[in-house]
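Novice: Sending over a structure as structure tokens; questions will come in a sec.
The values are calculated or read from the model by the stated rules, or taken from the named source; none is laboratory data. As the structure is a prediction and not an experimental result, all values here were calculated from the model. So basically every Cβ, Gly included, is an ideal-geometry build from the backbone, and we count neighbours across all protein chains shown.
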Amino acid sequence: MGTHLVGIMSSEWGRWSLKMASNFWAIGAQTSIVQNLTYFEHLSEPMAEFLQILSEQYDYPQLVDEILRELSNKEFNSNDTRGPKSVSGFISKLSELAPRLVIKQMTLLIKLLDSEVIDSFSTAIGIVY
């Protein structure tokens, strides 16, 4: 029910050209999703499924693009084990569910190869192959 409501809100706002309201909603959603992915490992797959539904059923792929852009620029502490593992799981699941969205952002995701965190590295390699 929640995905349906959010999908309708985001797609209708975009169609009605309420750019300001849509942008505020997207920024808040983006921040919340990235924070949840960073701190809660168990949310990586549900977030990927949510964004896939939002993109395909409600024609709102912009949020996926922005989240992948932000994650590709994120630098993880070498002592942090949860964040990179969660982000890796998220990107892996998203690449299974919506490969076109991930491939479109591949030039940004390549930055994960420079990361010191092994999970991020293996995820980026797995997506390329």
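Novice: Just one of Ser86, Ser120, Ser115 is in contact with a Leu (Cβ under 6 Å, 6 or more places away or on another chain), surrounded by 15 or more Cβ atoms within 10 Å (Cβ to Cβ), modelled with pLDDT under 80 and not aliphatic (A, V, I, L, M); which is it? Please lay out each step first, then the result.
Specialist: On the way: Ser86 fails: modelled with pLDDT under 80; Ser115 fails: in contact with a Leu (Cβ under 6 Å, 6 or more places away or on another chain).
The match here is Ser120.
Residue by residue, here is whether (1) at pLDDT below 90; (2) over 17 Å from Ser32 (Cβ atoms) holds:
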{"site": "Ile67", "(1), (2)": "no, no"}
{"site": "Glu75", "(1), (2)": "yes, yes"}
{"site": "Ser92", "(1), (2)": "yes, yes"}
{"site": "Leu101", "(1), (2)": "no, yes"}
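Novice: Right, next: Taking the options Ala26, Ala48, name whichever one is farther than 19 Å from Val87 by Cα, surrounded by 12 or more Cβ atoms within 10 Å (Cβ to Cβ) and at pLDDT 60 or above.
Specialist: Selected residue: Ala26, the only one of Ala26, Ala48 that is farther than 19 Å from Val87 by Cα, surrounded by 12 or more Cβ atoms within 10 Å (Cβ to Cβ) and at pLDDT 60 or above.
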